[in-house]
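Undergrad: Input: one structure, supplied below.
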Amino acid sequence: MITPLYDLHGRQHSYLRVSLTDRCNLHCLYCNPRNHEVNYIPNGDLLTYDEIYRLIALFTGTFGFNKIRFTGGEPLVRNGVWDFLQSLQGLRKNSPFALGLTTNGTLLPGLVPRLLRAGVNRLNISLDSLREENFLSITGSGSFKAVLQAVQEAESAGFETLKVNCVVLRGTNDQELHAFVELTKKMRLIVQFIEFMPFSGNKWGTEGFISCNEMKDVINSIYELVPFRTDMGSDYFKVAGHVGAIRFISALSDHFCGSCNRLRLSADGKLRLCLFSSEDSLIDLKALLRSGATDTELEQKIQSSIGRKWAKHPSAETIETQYSQNMVKIGG
């Protein structure tokens, strides 16, 4: 029997983001800056694939979650990931759910069909610049052509949804907003413009932050953005004659906490109720799994914990000064 998971604010949760690893082969300025030391999780402390499978079975079978998304770090750098994705096919027959993956795309060229065969029907590819030299500056990697190839292969492959994630930083890639809109002219994908968020070591500050409203103003100076959908407080727009679409994710300037339906599971098995949860508020599901907890005990722990979820996350200034978090450790 399905038991929907509600918090004290009346929000039903149906979406779980699972980090498979905190390792990444890029060093993006906003997420995993090269000069910021990260204490990576030892392999033995990562959730095993069997443990991840068990938790997904619980969230989908008991709580009725209908969307699972794998993130990292970069999920495709973890050994065994392809066999694990394939193994979920049987689970989805009993408890159908949408299966998504967020990747930086560097390892994807030539493997896009394999993702589809494994059952991934929603794909997000991070691409923060359409200029090779700017891409190198942001990511520390010369893999621009590989990522662009991955986007092109994915666009023709037939995913249910294909999204290109672009974190916008003032003075770094904000001058490319119009170029990203042009990407939607002939490609059936959604460009997601994401506000720069404060995480440990990424030097967040008002000088680098640009709000979604300002992004819209810049784009509207050339294009007419026509709203057509709202999802979790995020606005979707079309441009006349373009086959793709644009989405603005205003996590800071106009947060959508009131409609939040997601939970996050870190690579080391900590359940995070909010992206900005402090480390001492996480629920250690791995410890329960490895102590022999039954499914009933796991369900009770999750149900009792969901009541601690905030009505909304703290201000950006509070997050910046009081929280020490790195995005690769949290999971995207």
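Undergrad: How far apart, in nanometres, would the label points at TRP82 and ILE222 be if each is projected 7 angstrom from Cα along the Cα-to-Cβ direction?
TA: 3.9
Undergrad: For Rg and Dmax of the Cα atoms in Å, the choices are (1) 26.7, 96; (2) 25.4, 96; (3) 19.2, 59; which was calculated from the structure?
TA: For Rg and Dmax of the Cα atoms in Å, the calculated option is (3).
Undergrad: Taking GluC sites (Glu not before Pro) as candidate sites, keep only those in a DSSP loop with at most 13 other Cβ atoms within 10 Å, then name the longest stretch of the chain containing none of them.
TA: Looking at the chain, 38-159 is the longest stretch - no exposed GluC sites (Glu not before Pro) with at most 13 other Cβ atoms within 10 Å.
Undergrad: Longer than 23 Å from Cα to Cα, which of LYS67/LYS309; LYS67/LYS238; LYS163/LYS238; LYS145/LYS216; LYS93/LYS301 are they? Say none if no pair is.
TA: Those over the limit are LYS67/LYS238; LYS145/LYS216; LYS93/LYS301.
Undergrad: Between beta-carbons, use under 11 Å as the cut-off and find the net charge around LEU162, counting Lys and Arg +1, Asp and Glu -1.
TA: Here the count lands on 0.
Where a number appears in this text, it was derived from the coordinates with a stated rule and is not lab data. Note that the structure is a prediction, hence the values are computed from the model and not measured. Glycine gets a Cβ as well: all are built from the backbone with ideal geometry, and neighbour counts include every protein chain shown.
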